[in-house]
1. Taking every pair of distinct Cα atoms and averaging 1/r, then inverting, what Kirkwood hydrodynamic radius in Å comes out for segment 36-97?
2. Give me the dipole magnitude in Debye, nearest 20, for segment 1-118 about the Cα centre, with unit charges on the beta carbon: positive for Lys and Arg, negative for Asp and Glu.
3. Which of rounded, prolate or oblate describes segment 67-119 when judged by the alpha-carbon gyration tensor and an a/c cut-off of 1.5?
4. What is the Cα coordinate range of segment 52-184 on the first, second and third principal axes, sorted by size from largest, in whole angstrom?
5. Of the accessible area of the chain, with the probe set at 1.4 angstrom, what percent is carbon plus sulfur?
6. So, with +1 on the Cβ of K and R and -1 on the Cβ of D and E, and no other charges, what is the size of the charge dipole of the chain about its Cα centre, to the nearest 20 debye?
7. Lysines near LYS160 by alpha-carbon distance under 18 Å, same-chain residues fewer than 8 away left out - which ones?
8. Counting other Cβ atoms within 10 Å, keep those with at most 12, restrict to DSSP loop, and tell me which chymotrypsin sites (Phe, Trp or Tyr not before Pro) in segment 28-61 are left.
Amino acid sequence: MIIITLLVTIGAPLTIISFIIYSDKFKEPLDLILKTFVLGIFLCIPAGELNSWLIQSPDQSYFAGLTEESLKFLVLYFYIRPKTAFNEPMDAIVYGTIASLGFATLENLSYVFVGSPFGSPDVDSMTIAIMRAISAIPLHASCGIIMGYFFGLHAFLGSKSSLIKSLIIPILIHATYNYLTGFGFLWFYFLFAVMFYAQSLHKKVSDLQLTKSMEQENKAI
């Protein structure tokens with residue numbers, strides 16, 4: 001049973017990562033993919049410290065949107081942006097999603113096998129794994145796609161407003177989602193809308209990429 005629970009726990013984020021990587025017409029270097037994933041995992045350390053300082057009760061969980069999405073943004077801005085492999089808008093979506101789900105993978109393992117600091121001890125690990133596979137994991141993935149989409153507009157079109165959107169929109173989405181978890185199933189309808197929005201942004205970039213014969217684009221920053 002533990003093996004099945006583990007597969008569900010790590011399978012959800014890895015499946016989405018695989019889809020995002022496969023959807024990229026011009027595949028990214030494996031070493032940078034792995035390094036970005038690992039860097040996303042390490043974000044859990046400062047995120048945990050910041051969240052423990054800011055969040056004192058379940059009704060303050062919206063602060064996690066600020067801390068976690070800001071840290072993911074720093075990976076894109078300071079680590080991915082200077083890389084030579086980062087040479088087209090789809091790359092921002094790929095690396096944004098990978099960093100986000102690297103974070104979500106370790107967070108998932110922590111919640112499933114250690115437990116949420118505000119969780120119920122009566123809920124078994126498999127139930128938590130399944131619930132997070134259809135809730136928190138798609139949320140993190142969607143925020144990574146949205147962040148990457150607007151970061152790509154900034155990087156390759158020089159849009160300063162898009163840089164702001166790449167940070168603020170994921171923060172607001174994540175914070176709103178966490179806040180709505182305290183109001184029944186409102187989070188589900190909100191998450192569905194967010195997933196639809198993220199999918200539409202990904203499709204827009206993917207369709208444009210399919211018209212290209214070469215990957216290389218000049219950065220505007």
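The values are calculated or read from the model by the stated rules, or taken from the named source; none is laboratory data. Keep in mind that this is a model prediction, so the values were computed, not measured. A quick note on method: Cβ atoms are made from the backbone with ideal geometry, for glycine too, and the neighbour counts reach across all protein chains shown. For accessibility, only protein heavy atoms count, side chains too; no ligands or nucleic acids. Shrake-Rupley method; radii C 1.70, N 1.55, O 1.52, S 1.80 Å.
1. 12.7 Å
2. Result for segment 1-118 is approximately 240 debye, rounded to the nearest 20.
3. It comes out prolate by the Cα gyration axes.
4. Principal-axis extents of segment 52-184 (Cα, largest first): 50, 25, 24 Å.
5. After summing per-atom areas, the C and S share lands at 71 percent.
6. 580 debye
7. Cα-Cα hits under 18 Å: LYS219.
8. none
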